[in-house]
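See structure below.
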Amino acid sequence: MERGQGAAQDGPSDYDLRSGYYTQPPQPPHTRSRILTGWAYAPATYILIGISCAVYLAMVLNGVSWWDPTAEQILHWGANNGLLELHGQWWRLVTATFLHIGIIHIGTNMWCLWNLGLLGEPLLGPVGMVAVYLLTGVAGNLLSSAVNPGAIGAGASGAVFGIAGVLILLLNSPHLPFPRAELKRLRRSVIYFAAINLAIGASTHLYSGGIKIDNMAHLGGFLSGMAMGVPLAPILGTGREPYFKRQKIVFSVVALILLLFANWFVHFRSV
């Protein structure tokens, strides 16, 4: 999937994606710093990737298989499991988003997170990026636990789908000062990414044996990400202060909804 890098706007002012407001006259393309593709461009994305990689390395160094960890091993390291969460281990909803099952799993998830993060973090900001990652990751794990409490799951893919979901809405904001054709192309790429990977996940349940992809976690992350994008997209590009103020409200409301859903899950399964 292609990484989105904003082109300079033709007009009297330039738009700073990281801060969300107009700043200064645009510079010729050749003067744009290469650092915009690195740490300064998306620090939260690199931190999130770094945490997952550090957890994976710690697992391997402590004797966990680098290729095919057992269910007991990933449970020990914080995998998602609804039955354990019903007994008070709610921290698994968060830890599971940084835990991966083998080198292929972490490699594909980190590649997707890197691409979507470099596109999404300039629109969300570093704090917004972390908030979307955690909230949509937890939403995906909660839905997975509610549908199949006995399942054992792990990975950043629920959060990755959450970032994709919010991006589909944000890239449709009428206030982004970039060519509409370019924004449509980027948005179409994100939609294709989500559709293809949801289809791949569903296909793994059509035959017995082999790896089963937890599409409930994907769906939960994706839908919660889109829900965040609905109130954020109309105000993106209208100014730094109102946009980040609305972010705080949206993230707080989503966190409250997740708490209520978790409470419902406990009482529903206890009946």
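The values are calculated or read from the model by the stated rules, or taken from the named source; none is laboratory data. In this text, all values refer to a predicted model and were calculated from it rather than measured experimentally. Don't worry about glycine lacking a Cβ; one is built from the backbone with ideal geometry, like all the others, and counts go over all protein chains shown.
Some points to look at:
- Hits in the stretch 133-164 (condition: under 15 Å from Ala227 (Cβ atoms), surrounded by 24 or more Cβ atoms within 10 Å (Cβ to Cβ) and touching a Gly at 6+ places or on another chain (Cβ under 6 Å)): Thr136, Gly137, Ala139, Gly140, Gly158, Ala159, Phe161, Gly162, Ile163
- Taking the stretch 212-271 as the range and being of a type in the set (Phe, Trp, Tyr) and more than 21 Å from Gly140 (Cα to Cα) as the test, the residues that pass are Tyr243, Phe244.
- Complete set of residues in the stretch 47-72 that are within 25 Å of the chain's Cα centre (by Cα) and of a type in the set (S, T, N, Q): Ser52
- Filtering Ala159, Ala202 for residues that are more than 13 Å from the chain's Cα centre (by Cα), small (Gly, Ala, Ser), part of a helix (DSSP H, G or I) and under 27 Å from Asn80 (Cα atoms) leaves a single hit, Ala202.
- Residue check for Ala181: in a helix (DSSP H, G or I) and more than 17 Å from the chain's Cα centre (by Cα): yes
- The criterion of being surrounded by 15 or more Cβ atoms within 10 Å (Cβ to Cβ) and either in contact with a strand residue (DSSP E or B) (Cβ under 8 Å, 6 or more places away or on another chain) or over 22 Å from Phe161 (Cα atoms) (or both) does not hold for Gly225.
- Near pairs, Cβ below 6 angstrom, 6+ apart or cross-chain, from the stretch 119-142 (closer than 18 Å to Leu256 by Cβ and touching a residue at least 60 places away in the same chain (Cβ under 8 Å)) to any residue that is surrounded by 21 or more Cβ atoms within 10 Å (Cβ to Cβ) and polar (S, T, N, Q): Gly128/Gln247; Thr136/Ser224; Gly137/Thr97; Ala139/Ser224; Asn141/Asn80
- The stretch 59-72, subset over 27 Å from Val266 (Cα atoms) and touching a residue at least 12 places away in the same chain (Cβ under 8 Å), residue surrounded by the fewest Cβ atoms within 10 Å (Cβ to Cβ): Trp67
Residue by residue, here is whether (1) modelled with pLDDT under 50; (2) in contact with a Lys or Arg (Cβ under 6 Å, 6 or more places away or on another chain); (3) aliphatic (A, V, I, L, M) holds:
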residue	(1), (2), (3)
Met1	yes, no, yes
Ala54	no, no, yes
Val60	no, no, yes
His76	no, no, no
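- Residue match in the stretch 73-87 (condition: acidic (Asp, Glu), surrounded by 18 or more Cβ atoms within 10 Å (Cβ to Cβ) and either within 13 Å of the chain's Cα centre (by Cα) or not in a helix (DSSP H, G or I) (or both)): no
- Selection from the stretch 197-247 of residues that are at positive phi and in contact (Cβ under 8 Å) with a residue 12 or more places away in the chain: Gly237, Gly239
- Of all the residues in the stretch 243-271, those that are closer than 15 Å to Leu170 by Cβ and either of a type in the set (D, E, K, R) or more than 18 Å from the chain's Cα centre (by Cα) (or both) number 3.
- Where His175 falls short, out of the listed (1) closer than 25 Å to Val253 by Cα; (2) modelled with pLDDT of 95 or more: (2)
- All conditions but one from (1) assigned to a helix (DSSP H, G or I); (2) out of contact with any Phe, Trp or Tyr (no Cβ under 8 Å at 6 or more places or on another chain) apply to Met228; the one that does not is (2).
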